[in-house]
Amino acid sequence: MPTAPAGVGHLRGDRSFPRAAEHELANDQLRRNLGHATSTIRAKRAAVVAEVPDWEALRDAASAIKTAAMAHLPELLTQLEVNVTARGGVVHWARDAAEANRIVVGLVRAAGAREVVKIKSMVTQEIGLNEALEADGVDALETDLAELIVQLAGDRPSHILVPAIHFNRAQIREIFLAKMPDVDPDLTDDPRQLAMAARAYLRERFLRAQVGISGANFAIAETGTIGIVESEGNGRMCLTLPDTLITVMGIEKVLPRAQDLEVFLQLLPRSSTGERMNPYTSTWAGVTPGDGPQQLHLVLLDNGRTAALADEVGRQALHCIRCSACLNVCPVYERAGGHAYGSVYPGPIGAALTPLLTGTTGHDDPNSSLPFASSLCGACFEVCPVKIDIPSILVHLRAREVDAERGGVPGGSELAMRALGKVMEHPRAFAAAEVASRAGRLLARDGAITRLPWPGSLWTESRDLPAPPRESFRAWWARERGPGSAEAGVSPADRRSAGNGSTESGA
Amino acid sequence: MTDARAEMLARLDAALGSAATERTATERTAPENTATVTGGGPVPDVDRDYLGADSTWETATTGAALLALLTERIVDYRATVTRVTPDEVADVVARLLVGARRVVAPHGLDRSWLEVAAAAGADVVWDGPSQVLSVRELDAVDAVVTGSRLAIAETGTIVLDAAADQGRRALSLVPDHHICVVRTDDVVRGVPAAMTRLDVTRPLTWISGPSATSDIELERVEGVHGPRRLDVVLVG
């Protein structure tokens with residue numbers, strides 16, 4: 001099944017997660033900002049979720065709706081296309097990122113526009129649309145404040161929901177002063193002033209925009225309705241003022257019924273920003289004469305989603321509604337940050353979804369390290385509004401990686417596992433190894449071995465080993481229960497009654 | 001694009017392990033007919049055990065308690081709520097419009113609501129099919145007054161559906177001050193009840209407070225784009 005092609009878009013970093021994370025961990029400011037951001041949103045989310053008396057029932061329904069939608073994706077997409085077309089929209093199908101970019105660039109050209117305004121859209125980042133537009137001489141302006149900051153800085157987003165969290169206010173002020181046209185030179189770093197500077201700059205662009213580009217939070221097959229959930233109002237601006245609107249949407253976002261919105265519009269705001277409802281949600285079904293864009297396009301994107309769907313364990317990753325609740329509870333993400341994953345989809349869901357979309361090509365492929373970027377604590381599964389069992393997907397993908405390596409030149413961990421396997425299969429070898437390991441007590445301090453010479457150092461450079469006990473369990477058992485009992489597995493009581501030939505009985 | 005469409009549908013069939021022959025011919029052809037396809041259709045509905053529109057949670061919250069909840073939730077978003085009787089609307093609107101020189105309203109809005117403001121000197125412009133303000137003209141307007149389709153008390157949300165008394169979407173977006181009239185009969189408690197009253201084939205705008213961002217160090221800043229001032233007039 002074709003996966004997302006390499007060389008286009010942003011689904012793969014240039015180094016493995018452990019290497020990238022090691023680099024990111026050194027960034028104190030990122031860790032501070034991220035720790036503050038994630039703990040703040042965690043608390044807000046917990047508070048508003050606690051208010052909802054039927055939260056678990058909503059999660060169950062959402063999971064069921066998504067499962068049903070995936071199982072009927074071809075019919076739903078066809079139905080969506082009929083309804084969007086009937087209401088004056090044009091539907092395009094894109095097999096991969098390159099095709100989607102070609103389609104959008106073509107549409108912008110056909111509209112005669114040299115600049116477009118964009119709503120924050122993960123899928124357009126995924127396919128590298130801005131780069132494709134720039135290459136065609138089109139100025140693609142990000143209008144979400146954080147995306148604008150990241151774009152002006154020439155950087156990459158580090159979080160699904162608050163992409164500029166790795167910048168502090170002083171840095172943002174610097175970025176605006178350096179890169180924002182017509183900015184007030186006396187601009188301070190007060191967040192309100194910064195936001196107002198962005199407002200003024202963007203407002204002019206909104207008012208003259210001819211083409212808007214968006215993603216989609218959902219599309220309703222039975223009516224052809226598409227929806228955007230946002231906070232700032234830049235969405236409404238891009239969706240309402242330009243004459244042409246181009247929406248790029250992953251095929252997994254389609255929902256069967258309008259009624260399904262009552263589930264997701266409760267789950268999404270509370271899970272993502274920890275609010276009862278986000279400031280603005282906009283929905284539209286095709287073209288409304290005299291109101292909003294009169295040229296409407298919907299680009300349905302595959303780019304590896306069918307490959308993910310083909311994986312029976314992995315396909316539930318397609319249920320994701322991009323709330324980022326999993327990022328905010330993940331102990332790994334909180335410390336490493338989004339850049340370490342190398343993909344526009346970071347954190348727990350990113351570790352699962354990214355390798356499913358791109359496929360992996362062996363242990364040199366950075367994406368093959370993503371399923372291992374987890375302690376499997378399961379916090380993500382607990383908070384996921386659509387109940388994606390991320391830990392199970394990650395374990396499944398780890399097995400996939402290990403299986404893919406079999407039969408080739410064994411790596412270090414495979415050799416270690418083989419050696420360990422041989423020792424554990426043979427009781428005498430195991431007993432001998434236990435005796436030998438006691439020497440490790442010499443290396444221990446405060447009950448732990450924190451440093452071993454090579455090859456043990458490969459383990460201890462990031463993990464501690466508990467110090468071996470004075471006496472192994474098997475030795476204790478043999479001492480307590482009599483010699484030979486460790487091998488026979490028979491207790492002294494059993495041995496006595498068997499030897500007497502008598503059974504336990506009353507008087 | 002037929003190649004891409006056919007290939008993607010074929011990939012989906014293969015991924016789901018379903019035989020391509022199971023699909024009927026009508027599901028496979030490009031949409032030449034213009035009739036819309038409604039209903040859940042191909043997908044069986046799921047169990048919905050959550051609190052729906054007909055639950056006691058929804059139906060038992062009515063009257064003053066419902067309106068008090070709505071008010072509390074809207075005020076929490078830093079918008080104002082003024083409770084009035086129908087004959088008081090014009091006066092309250094005029095009071096809220098103090099300082100506004102130019103006001104736009106959709107052509108289907110109750111004209112009497114703006115009489116007092118107009119008498120006090122506000123220049124009221126009625127936007128409609130025969131008079132469509134340009135984006136720049138909207139930008140020069142100080143305030144907009146609209147009706148609404150409904151309000152959701154639990155979340156403090158007001159929904160507009162672009163009907164004649166609410167106008168096209170740009171009207172409630174570009175001006176910096178939005179005065180929104182909500183009828184008490186149009187207030188529901190939760191989102192499921194709201195969905196039973198909304199037509200998603202119309203352009204819908206769900207408004208829960210003024211716009212906001214927390215993108216800079218997570219500090220919430222209100223009013224980025226869209227009206228920075230929202231006043232709700234609750235009439236009934």
**Request:** Would you mind telling me which numbered condition in (1) within 7 Å of chain B (Cβ to nearest Cβ); (2) part of a helix (DSSP H, G or I); (3) under 28 Å from the mean Cα position of the chain (by Cα) A:TRP93 fails?
**Result:** (2)
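Let's see how each residue does on (1) in a helix (DSSP H, G or I); (2) among the polar types (S, T, N, Q):
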{"site": "A:PRO293", "(1), (2)": "no, no"}
{"site": "A:LEU296", "(1), (2)": "no, no"}
{"site": "A:VAL299", "(1), (2)": "no, no"}
{"site": "A:GLN316", "(1), (2)": "yes, yes"}
{"site": "A:ARG322", "(1), (2)": "no, no"}
{"site": "A:CYS326", "(1), (2)": "yes, no"}
{"site": "A:VAL332", "(1), (2)": "yes, no"}
{"site": "A:ARG335", "(1), (2)": "yes, no"}
{"site": "A:ALA340", "(1), (2)": "yes, no"}
**Request:** Go through the stretch A:133-177 and give me each residue that's of a type in the set (Ser, Thr, Tyr) and more than 22 Å from the chain's Cα centre (by Cα).
**Result:** A:THR143
**Message:** So B:VAL145 passes all but one of these: (1) away from chain A (no Cβ under 11 Å); (2) loosely packed, with under 15 Cβ neighbours inside 10 Å. Which condition number does it fail?
**Reply:** (2)
**Request:** Could you list all residues from the stretch B:209-227 that are out of contact with any helix residue (DSSP H, G or I) (no Cβ under 6 Å at 6 or more places or on another chain), in contact (Cβ under 8 Å) with a residue 12 or more places away in the chain, in a loop (DSSP other than H, G, I, E, B) and not small (Gly, Ala, Ser)?
**Result:** B:PRO210, B:PRO227
**Message:** Just to check your reading of the model, which residue among A:ALA336, A:ALA310 is out of contact with any Asp or Glu (no Cβ under 8 Å at 6 or more places or on another chain), more than 30 Å from A:GLN210 (Cβ to Cβ) and hydrophobic (A, V, I, L, M, F, W, C)?
**Reply:** A:ALA310
**Item:** So B:ALA170, is it within 16 Å of A:ASP291 (Cβ to Cβ), facing another protein chain (nearest Cβ under 9 Å) and assigned to a helix (DSSP H, G or I)
**Value:** yes
**Request:** State whether the residues of the stretch A:14-35 include one that is surrounded by 22 or more Cβ atoms within 10 Å (Cβ to Cβ), in contact (Cβ under 8 Å) with a residue 12 or more places away in the chain and of a type in the set (Ser, Thr, Tyr).
**Result:** no
**Prompt:** From the set of residues in the stretch A:82-130 that are of a type in the set (D, E, K, R) and surrounded by 23 or more Cβ atoms within 10 Å (Cβ to Cβ), which is farthest from A:TRP284 (Cα to Cα)?
**Reply:** A:GLU126
**Asked** If you go through the stretch A:121-154 one residue at a time, how many are under 27 Å from A:ARG192 (Cβ atoms) and either among the polar types (S, T, N, Q) or without any contact (Cβ under 8 Å) to a residue 12 or more places away in the chain (or both)?
**Response** 4
**Asked** Using beta carbons and a limit of 7 Å, which pairs, at least six apart or on different chains, have the first residue in the stretch A:447-460 and farther than 14 Å from A:SER413 by Cα and the second one of a type in the set (A, V, I, L, M, F, W, C) and part of a loop (DSSP other than H, G, I, E, B)?
**Response** A:GLY447/A:ALA467; A:ALA448/A:ALA467; A:ILE449/A:ALA467
**Message:** Among the residues of the stretch B:28-43, are any modelled with pLDDT of 95 or more, at the interface with another protein chain (Cβ under 8 Å from one of its Cβ atoms) and buried (at least 16 other Cβ atoms within 10 Å of the Cβ)?
**Reply:** no
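Restricting the search to the stretch B:76-102, which residues are of a type in the set (A, V, I, L, M, F, W, C), part of a loop (DSSP other than H, G, I, E, B) and within 21 Å of the chain's Cα centre (by Cα)?
Scanning the stretch B:76-102 gives a single hit, B:ALA79.
If I filter the stretch B:119-135 for residues that are within 13 Å of another protein chain (Cβ to nearest Cβ) and assigned to a helix (DSSP H, G or I), do I get at least one hit?
yes
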**Fill in**
Per the filter on the stretch A:213-241, residues part of a loop (DSSP other than H, G, I, E, B) and within 10 Å of another protein chain (Cβ to nearest Cβ) are A:ALA221, A:GLU222, A:THR223, A:GLY224, A:SER231, A:GLU232, A:GLY233, A:LEU241
**Only one of A:SER63, A:SER39 that is in contact with a His (Cβ under 9 Å, 6 or more places away or on another chain) and surrounded by fewer than 22 Cβ atoms within 10 Å (Cβ to Cβ)** = A:SER63
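Among the candidates A:GLN193, A:GLN259, single out the residue that is free of Cβ contacts under 8 Å to residues at least 60 places away in the same chain, facing another protein chain (nearest Cβ under 8 Å), in a helix (DSSP H, G or I) and at negative phi.
Numbers: A:GLN193 fails: facing another protein chain (nearest Cβ under 8 Å).
The unique qualifying residue is A:GLN259.
The values are calculated or read from the model by the stated rules, or taken from the named source; none is laboratory data. Worth saying up front: this structure is predicted, and the values here are computed from it rather than measured. Don't worry about glycine lacking a Cβ; one is built from the backbone with ideal geometry, like all the others, and counts go over all protein chains shown.
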